[in-house]
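Here, each number is a calculation from the coordinates, and none is a lab measurement. For clarity, every value in this text was computed on a predicted model and none was experimentally measured. Cβ atoms come from the backbone with ideal geometry, glycine included; neighbour counts cover every protein chain shown.
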């Protein structure tokens, strides 16, 4: 004889199950795994066995829903990366779309100046204008004017004694050419990353183009250091 059961709250046709014998409420995932309100089972399967199978099935489904994330989900949360863009220091040739300016005071013991001058839409610009825009003031000589750089930002000063090993100390008067062992050298770098070269024109007549670099180095002794070296 087949037994007819109600899955939630009633048992057999012989009468309701006392409240104290109700089965405990299933976990939420199992509770939502519903059967039709009334079902008929044959073959002698009783309620406890049926409920056990139902619980096991519901727990298995719940485990699938809350299991470890797939490899694709893990990749999306940890696989993001920041573009490996190298940082450029302002004033370096790689970062300057205009004209880069480097002033090295050498033995005059002043901070090196490195700046990038925006040339706008100009295709050529006077080197002297680039220096002015970079807040670098220059002074020429009485004899050669602005073709020869005698002082940069007031150095060496009119009352400053310049000392070079192996040479007699002197004070720069800016009357004519500076001594060959203590002078301001004007350099140009034709393209970013290229070797520095001595400028082939004086500061007052030199023209530069965007992407080039201008350098002034106070050079002493027999060494000829390049800007920034």
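I need the per residue convex hull volume for region 116-159, using only the alpha carbons, in cubic angstrom as a whole number.
Spread over its residues, the Cα hull of region 116-159 gives 66 Å³ apiece.
Would you mind calculating the relative contact order of region 99-220 from Cα pairs under 8 angstrom and at least 6 residues apart, reporting the percent as a whole number?
34 percent
Strictly greater than 16 Å: what percent of every Cα pair in region 103-197 meets that?
62 percent
If R0 is 25 Å, what FRET efficiency do you get for residue 170 and residue 110 from their C-beta distance, rounded to 0.05?
The computed FRET efficiency comes out at 0.85.
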